[in-house]
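Chemist: I have a structure I would like to understand better, so I am pasting it below and will then ask my questions one at a time.
The values are calculated or read from the model by the stated rules, or taken from the named source; none is laboratory data. Source: prediction; values computed, not measured. Quick reminder, even Gly has a Cβ in these numbers, built from the backbone with ideal geometry, and neighbours come from all protein chains shown. Quick note on the areas: whole protein, heavy atoms, side chains included, nothing else; ligands and nucleic acids left out. Shrake-Rupley method; radii C 1.70, N 1.55, O 1.52, S 1.80 Å.
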Amino acid sequence: QVQLVESGGGLVQPGGSLRLSCAASGSIVSINAMGWYRQAPGKQREWLVAALFSGGTTNYADSVKGRFTIFRDNAKNTVYLQMNSLKPEDTAVYYCYAGRSTLAFNRADYWGQGTQVTVSS
């Protein structure tokens, strides 16, 4: 089992920045990818970004490419999501995930508890 604990959400003005973190513990050796989804009210959960441990590649959804960046601190078993140029449409609950697949980088086997991000003036 893998446990994921998120932090870093909050309220920010349009154009501002936030950084989310996701700390992993447990059977970390089974994990091959970590990333983020989000879910806005009344909408389906949307995949945003993944970091693959093998090869160190990252993948981004078009909606966040160029504005969001995922990076890892291996010593802390933590991934971060740096979010810049935030827009009101980025308002959602953000979920960290971890996956065992080496191919399906957006497949989530474990979930964090979610953290609210609100972009509003």
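Chemist: Cβ-Cβ below 6 Å, separation at least six or inter-chain, first residue in the range 110-121 and within 16 Å of Leu86 (Cα to Cα), second open to solvent by 90 Å² or more (accessible area, probe 1.4 Å) and not in a strand (DSSP E or B): which pairs?
Modeler: Every condition considered, the pairs that remain are Ser121/Gln13.
Listed here are the residues, each with its yes/no results for (1) at pLDDT 95 or above; (2) touching a strand residue (DSSP E or B) at 6+ places or on another chain (Cβ under 6 Å); (3) closer than 15 Å to Gly9 by Cβ.
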residue: Gly55; (1), (2), (3): no, no, no
residue: Ala61; (1), (2), (3): yes, yes, no
residue: Phe68; (1), (2), (3): yes, yes, yes
residue: Phe71; (1), (2), (3): no, yes, no
residue: Lys76; (1), (2), (3): no, no, no
residue: Leu81; (1), (2), (3): yes, yes, yes
residue: Pro88; (1), (2), (3): yes, yes, no
residue: Gly99; (1), (2), (3): no, yes, no
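Chemist: Working only within the range 1-17, note down all residues that are open to solvent by 30 Å² or more (accessible area, probe 1.4 Å) and either of a type in the set (Phe, Trp, Tyr) or in a strand (DSSP E or B) (or both).
Modeler: Of everything in the range 1-17, those that are open to solvent by 30 Å² or more (accessible area, probe 1.4 Å) and either of a type in the set (Phe, Trp, Tyr) or in a strand (DSSP E or B) (or both) turn out to be Gln3, Val5, Ser7, Leu11.
Chemist: If you don't mind, there's one more thing I want to ask. Only one of (1) of a type in the set (Phe, Trp, Tyr); (2) under 24 Å from Gln1 (Cα atoms); (3) without any contact (Cβ under 8 Å) to a residue 60 or more places away in the chain is not met by Phe68, so which one is it?
Modeler: Here Phe68 meets the rest and fails (2).
Chemist: To continue, here is another question. For the range 45-103, which fully contained strands (runs of 3 or more DSSP E) count at least 1 residues that are within 18 Å of Thr115 (Cβ to Cβ) and either hydroxyl-bearing (Ser, Thr, Tyr) or open to solvent by 40 Å² or more (accessible area, probe 1.4 Å) (or both)?
Modeler: Answer list for the range 45-103: 46-52, 68-73, 78-83, 92-99.
Chemist: Still on this structure: Report yes if some residue within the range 29-39 is under 14 Å from Tyr110 (Cα atoms) and open to solvent by 60 Å² or more (accessible area, probe 1.4 Å); otherwise report no.
Modeler: Yes: the range 29-39 contains one or more residues that are under 14 Å from Tyr110 (Cα atoms) and open to solvent by 60 Å² or more (accessible area, probe 1.4 Å).
Chemist: I need a count of the residues in the range 1-52 that are basic (Lys, Arg) and within 18 Å of Ala98 (Cβ to Cβ).
Modeler: Residues flagged as basic (Lys, Arg) and within 18 Å of Ala98 (Cβ to Cβ) within the range 1-52 amount to 2.
Chemist: Taking Gly42 as meeting all but one of (1) at positive phi; (2) surrounded by 13 or more Cβ atoms within 10 Å (Cβ to Cβ); (3) out of contact with any strand residue (DSSP E or B) (no Cβ under 7 Å at 6 or more places or on another chain), write down the number of the exception.
Modeler: It is condition (2) that Gly42 fails.
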